[in-house]
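The values are calculated or read from the model by the stated rules, or taken from the named source; none is laboratory data. Nothing here was measured: the structure is a model prediction, and the numbers come from that model. We place every Cβ from the backbone using ideal geometry, glycine too, and count neighbours over all the protein chains shown.
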């Protein structure tokens with residue numbers, strides 16, 4: 001939403017907005033000249049001279065400001081519908097998948113900038129060296145956008161190029177099962193432009209199945225895998241391997257008779273896959289290998305994606321956006337790979353009661369690589385809460401975790417009723433030689449930054 005506001009501002013439009021509470025993002029927009037109304041949504045926030053309303057999917061049809069738009073016959077578009085219209089005549093590269101979209105988008109942007117392609121980029125996070133954080137305006141026709149699968153938002157685009165990092169069941173309030181979710185990706189593939197470049201992770205069975213199902217649609221598909229097997233018969237292939245050396249991740253990527261030796265400061269195989277996907281797409285877009293290697297080497301990561309925020313009691317403290325069981329597990333695997341001999345202390349805030357309920361069993365097992373878990377109460381997402389999910393809470397999850405007997409059980413498990421207590425307990429537990437991480441897509445990151453700032 002904030003990227004839409006910034007694009008409109010840069011184009012000379014007057015922009016107003018509203019949110020239920022003041023945040024770092026609303027402060028940033030206000031500083032740029034956007035009038036922000038904080039508090040309950042109200043039809044009076046839609047000014048008399050308003051010509052267009054753009055809404056988030058968190059705002060339902062009966063939102064007072066959307067109702068005002070309807071009553072006044074004003075266009076009322078979701079942020080992705082608006083972006084689809086705004087960039088419909090551009091060369092859109094869409095980065096999709098259940099996990100890794102933001103980091104892959106940031107990596108691809110860095111490679112294309114380094115390669116002189118001068119793209120416009122919209123990312124669902126923030127880049128540390130971009131003045132607008134989640135937006136970069138370029139002069140070329142190339143536009144790189146993080147494509148959100150929630151509510152099938154990515155179907156607002158007809159991409160000229162597409163990355164599918166992986167497909168795994170998520171947003172169970174939108175998709176009834178994995179087949180339903182994969183079908184949305186298949187529809188996205190079918191509406192790509194003729195001859196579109198499609199880079200996908202063939203180690204993700206659902207991603208491979210989606211691409212295989214659209215053979216009649218003319219695309220140039222490029223599959224990448226960790227280990228090539230005899231029965232893989234793709235039009236084009238790329239194979240990678242990696243190892244961790246001296247605090248860096250060394251990646252060897254074989255593609256089109258060439259071998260790229262990439263060195264990254266990021267850790268974890270999930271970030272290796274993000275890097276490989278971005279590198280392959282960058283090559284297909286015409287970026288030179290030297291530019292790709294430099295971009296990977298210099299990439300510092302992005303906001304809330306295993307972001308090092310500081311330390312407590314001599315222990316580094318990271319913030320991560322992970323909120324799906326697979327993302328949590330992958331992030332912890334990455335930490336264990338980078339810090340094999342350290343104790344991992346995790347503060348986790350589940351995101352959305354429905355997701356927690358529908359993926360409950362996966363959440364019970366996803367924390368095994370941590371040593372200590374402080375489990376915060378669930379962040380209930382505005383506009384996505386349902387009556388049938390009201391009884392779901394973190395105490396139920398904690399009880400099931402405590403019942404388990406694993407090969408490497410958690411040493412310590414605690415419950416925290418709110419982000420403030422969850423963060424304070426996580427930081428208090430940390431000792432020299434530990435690694436701390438606070439994880440979740442809700443408001444726990446904001447609380448972590450407040451408490452770390454107060455410590456300083």
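For every residue, the table says whether it meets (1) farther than 26 Å from residue 351 by Cβ; (2) modelled with pLDDT of 95 or more; (3) surrounded by fewer than 19 Cβ atoms within 10 Å (Cβ to Cβ).
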| site | (1), (2), (3) |
| --- | --- |
| 52 | yes, yes, yes |
| 55 | no, yes, no |
| 58 | no, no, yes |
| 70 | yes, yes, yes |
| 74 | yes, yes, yes |
| 82 | no, yes, no |
| 85 | yes, yes, yes |
| 94 | no, yes, no |
Conditions (1) in contact with a strand residue (DSSP E or B) (Cβ under 7 Å, 6 or more places away or on another chain); (2) closer than 19 Å to residue 104 by Cβ: number failed by residue 171: (1)
Filter result for the condition that a residue is on the phi < 0 side of the Ramachandran plot and modelled with pLDDT under 90, over 353, 387, 294, 357: 387
Residue match in segment 376-383 (condition: touching a strand residue (DSSP E or B) at 6+ places or on another chain (Cβ under 6 Å), more than 30 Å from residue 177 (Cβ to Cβ) and at pLDDT 90 or above): no
Total residues in segment 17-59, condition closer than 19 Å to residue 81 by Cβ and more than 26 Å from the chain's Cα centre (by Cα): 4
Which listed residue is surrounded by 12 or more Cβ atoms within 10 Å (Cβ to Cβ) and at pLDDT 95 or above, from 441, 422: 422
Counted residues, segment 133-162 - those being on the phi > 0 side of the Ramachandran plot, touching a residue at least 60 places away in the same chain (Cβ under 8 Å) and either assigned to a helix (DSSP H, G or I) or surrounded by fewer than 20 Cβ atoms within 10 Å (Cβ to Cβ) (or both): 1
Residue tally, condition touching a helix residue (DSSP H, G or I) at 6+ places or on another chain (Cβ under 7 Å) and closer than 15 Å to residue 165 by Cα, over segment 175-222: 18
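Test of understanding: among 336, 343, 355, which residue is without any contact (Cβ under 8 Å) to a residue 40 or more places away in the chain and either over 15 Å from residue 401 (Cα atoms) or crowded, with 22+ Cβ neighbours inside 10 Å (or both)?
Exactly one of 336, 343, 355 is without any contact (Cβ under 8 Å) to a residue 40 or more places away in the chain and either over 15 Å from residue 401 (Cα atoms) or crowded, with 22+ Cβ neighbours inside 10 Å (or both), namely 336.
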Enumeration of residues in segment 107-132 that are in contact with a helix residue (DSSP H, G or I) (Cβ under 7 Å, 6 or more places away or on another chain) and assigned to a helix (DSSP H, G or I): 107, 108, 110, 111, 112, 114
Failed item, numbered, when residue 325 is tested on (1) farther than 26 Å from residue 436 by Cβ; (2) touching a helix residue (DSSP H, G or I) at 6+ places or on another chain (Cβ under 9 Å): (1)
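Please note which helices (runs of 4 or more DSSP H) are completely contained in segment 1-98 and include at least 1 residues that are more than 26 Å from residue 162 (Cβ to Cβ) and touching a helix residue (DSSP H, G or I) at 6+ places or on another chain (Cβ under 9 Å).
Result: 2-10, 24-31, 64-71.
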